[in-house]
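Asks: One structure is given below, represented as C-alpha cells, and several questions about it will come after.
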Amino acid sequence: MTRFARTPVSSSSNSNLISSAVRPNWEAAGFSTASGIQFAKRGRPGPGEGFAVNFIMQDGEEISVQAHEGESLLDVAWANDIDIEGACEASLACSTCHLILDPDSYSKLEEPTDEENDMLDLAFGLTDTSRLGCQVLMNKELDGIVAKLPSMTRNASA
Amino acid sequence: MIRLSLLTRGQPLSQARCSIPTPSTRRTFTPSLLNNNIRSFSTAWTLRNASTESVADPAKPFKVAVIGSGPGGFYAAHRILKHVPQSSIDMFEALPVPHGLVRFGVAPDHPEVKNVMHTFDEVAENPNFTFIGNTSVGTYVTPGSKKADLEISDLRPHYDAILLAYGAHEDRLLGVPNEQSLKGVMAARSFVGFYNGLPEEQDLEVDLSKAETAVVIGQGNVALDVARILLTPLEELKKTDLTERMIKILEKSRVKHVHVVGRRGPLEVAFTAKELREMLQLPDTTFHMDQGLLASEMERSGKTLDRPRKRLMGLLEKGIKESKPDQPKSWSLQFLRSPLGFSGDGDNQLKAIELGINRLEGESSNRKAVATGEKETLACDLAFRSIGYKSVGIQGIPFDERKGVVPNLDGKVVDAEQNIVPGFYASGWLKRGPIGVIATTMADAYQTADTMISDFTSGKAMLNDDTSSKEGGKPLLELLKSKGHKTVSYKDWKKIEQKECELGAKVGKPREKFLTVEEMLKVLD
C-alpha cells in the first residue's frame, strides 16, 4: 500500500483560500463551528500532526492526508482537493459525499441516524460500511481510517 | 468550486497527484467516476483515454450554449468549465431567474436541498460563463406555442455544441373524464409551481377554503410534497420561502384529510424515506394504510428486498403502529386504485373520484396492476394528478414523443434512426425522463459533460468546423438588443435575488419570491 503524506498548506496561501471560498450562509445553514472554513483558518496539520485519513480514489489510487480532531471526512476531502461533491453542504439532504469505510473504523462509529440512513439509501453502490462523509468526524480512534470513494454517487432508482 | 479554490497554485503536491495544479491539465479528478453507471463502456473508455492525455490544443476554443438553467444545465456547465479551461459557456434561460426546479420544484420546507445554488453561483462567477436570462430558445412543437425569443437555428452558427437542458415542462394526464374540466382537479406540477412562485402558474385557481378532503393521484415525492404542504402547520411554512400568496390561501384552508393513491402496492411506491418520514411526523395527523396488504406483499417478496426498500417498508410498518388514532387531521396511502373519472356538482366543482380496484400480478420485482372490474367512489373536494412530468419537443431537435425525452446515447443526441446529430447534447430530465433527486441529475449531467468533453478533445464533428468563426453569444445579444429584447445577466439576477431576500427578511422568510416576470425585471430598472 502506497501512502503519500500531503504537504501542509502554508498560512499565507490559506488567506487566499478563505477569500475565494465564498459559501454564503454557513452559519445560517446550521453549520457547526467545526466547519471547513474554521479549519482552513488554522491550516492543515502536517504529517503526524493530525489523524491520518486514507482516501482511495475510484481508480484505486490512495491518497493519505491528515485531519484535525472533529473535522468531517467531507471537510478533510475538500481541504485536500479530493473531489467529493457534498452538494447539500453537510445538511443531510443528499448522498453525494458517500464513502465506503474500512470495517474496523466503521465499527468504531456510532450508528448512523435515521436521517443519514435515508440519504444513504439514495446513494449509488451502497455497502455495509457506507457512511456519508459529512457525518464522520475524525478522532484519535479513527486515526488511519480508510475511506473509499464509490464509483459514482448516484441514485439509480428514486 | 470550493475544492478548486482550495488548491493552492505552486503548492508541492504528493507525487501521486503531481499532475493536478496547472490549469491546462486540470481535468484531474476521477475519470473513473464513469465506471458503473455509464451504460456505454465505450464512452467511459474514450473519456479515460482522452483525459489521460492533455486536453486538445488549448488555443482551440470550445463554445457551448446551454438551454436551461436548472441542475441539468448547471452541473454540466460546472464539469465542462472545470475540465476544459478554454471552454466558454452561454446559458440561456427563458425566465429572468435561474436554477429551474431548485427554485420552482424543491419544496419550500426543504431549504437544505437548495444549498446546491451555492455551487451554481460559483459556476456563474467563472469569467467564461455567461447567463442570458429572460430569453427563451426553441419554440415548442406543440401547436399554438408561443414563439421563442431565439430559435436553435439562430444559435447554431455561433457554437461548437448546444446542450439541451430545458427540463420537463408538462405534466402527464390520466386520460380519464373531467380531469381538465372540473374546478378542484389540477396537476400537482401546477400546484407546486404555484406555491413556489413559478410565474406561468400564478393564474391557477386554488381555493382551499371549502375543501376538506384532497386526493393525490400518484405516490412519488411530488405527491408527498403536495400532501405535506396541505397538512403542515402554517406556522412552520411561514418560515420558508413559500409565497405569501400561498400562505394567504393556506390561512383559509379547511383541508383535513389527504389520500395518496397509487395503482399498485406498497413495494412499488416511488417516494423516498425522507419524504415519508416527514409525513409520519406531521403533528395532530393520523396515518392510515392497509396493514394486511403491506404484510402480504413483504412476505411475498421474501428476502429479495434491497436495503432502501426494506427500510422504507419498515418505516411504513412503524408508521402504522405508531399512528395516533382520531387526530384532527389524517392522511392515507391508498393502494391498488386507478382513477376512472372525476365527478362534480352543478357548479362544476369536484365532489368525487371514481376508482377502479386492481390486484397485483407478476414477480415481486415487476408487479403489475390488473383491474378487477370492481369500483369504488371516494368523496373529495380537491384532486391533484401527480403521475409524472414530461418534456416537450422544440423545433429542429429530434424528440421521442412516447418516452417524452430527446433521444440520446449517454447525452449525445441521436435521431429516430439512432444516427448521431453532431454537436447536440441533452442533460437532466429532458435526457432521461422526470425521475430522480438532484444528485441523480448531477451524475447524469456529468455523464453528458464527459461525453461532450470526450467528443471535443478527440476532434469529433461538432456544429461547425474549425474554419468558421464561432462568436458565441455576442452576435445573439446584439440581435436581441436590436429587437428591443431585454436580457438578464447573472449579476442582474443577483440584484433580483437580493431584493427578494430583503423582502423576505421583513417577514422572517429566507426570501419572498417575485411572482411575475414584470416584477422581476422592474428590480433592474
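Laboratory data are not the source of any read-out in this text; all were calculated from the coordinates shown. The structure presented is a predicted model; accordingly, all values stated were derived computationally and were not measured. Every residue, glycine among them, receives a Cβ derived from its backbone with ideal geometry; neighbour counts consider all protein chains shown.
Asks: Report the dimensions of the stretch B:171-389 along its three principal axes from the alpha-carbon atoms, largest first, rounded to Å.
Replies: 48, 38, 33
Asks: Would you please give the FRET efficiency between B:D466 and B:R307, computed as 1/(1 + (r/R0)^6) with r the Cβ-Cβ distance and R0 = 51 Å, to the nearest 0.05?
Replies: 0.50
Asks: What net charge do the residues around B:K509 carry, taking every other residue with its C-beta under 10 Å from that of B:K509, with Lys and Arg at +1 and Asp and Glu at -1?
Replies: That sum, taken over residues with Cβ under 10 Å, equals +1.
Asks: While we're on this one: To the nearest 0.05, what FRET efficiency results for B:D207 and B:S296 with a Förster distance of 45 Å applied to their C-beta separation?
Replies: Efficiency, rounded to the nearest 0.05: 0.65.
Asks: Separate question: Among B:G184, B:S365, B:G218, which residue has its Cα furthest toward the positive end of the charge dipole of the stretch B:171-389, with +1 on Lys/Arg Cβ and -1 on Asp/Glu Cβ?
Replies: B:S365
Asks: Between B:N348 and B:K486, how many nm apart are label points set 7 Å from Cα along the C-beta direction?
Replies: 3.5
Asks: Only sites in a loop by DSSP and with at most 15 other Cβ atoms within 10 Å count here; which trypsin sites (Lys or Arg not before Pro) in the stretch B:224-260 make the cut?
Replies: The qualifying sites are B:K238, B:K239, B:K252, B:R254.
Asks: What's the FRET efficiency of B:E519 with B:K368 using the Cβ-Cβ distance as r and R₀ = 60 Å, to the nearest 0.05?
Replies: Taking R0 as 60 Å, the efficiency between B:E519 and B:K368 is 0.80.
Asks: Give, as a single signed number, the net charge of other residues whose beta carbon lies under 14 Å from the beta carbon of B:P199, with Lys and Arg counted +1 and Asp and Glu -1.
Replies: Once positives and negatives cancel, what remains is -2.
Asks: May I pose another question? Considering only DSSP states other than H, G, I, E and B, which trypsin sites (Lys or Arg not before Pro) in the stretch B:132-185 qualify as loop sites with at most 11 other Cβ atoms within 10 Å?
Replies: Here the sparse-neighbourhood loop sites are B:K146, B:K147.
Asks: Around B:L95, what is the net charge, scoring Lys/Arg as +1 and Asp/Glu as -1 over all other residues with Cβ under 11 Å from its Cβ?
Replies: Net of charged neighbours comes to -1.
Asks: Under a plain spin-label model, where a point goes 7 Å from the Cα along Cα-to-Cβ, how far apart in nm are B:K495 and B:R254?
Replies: For the pair B:K495/B:R254, the computed spacing is 4.7 nm.
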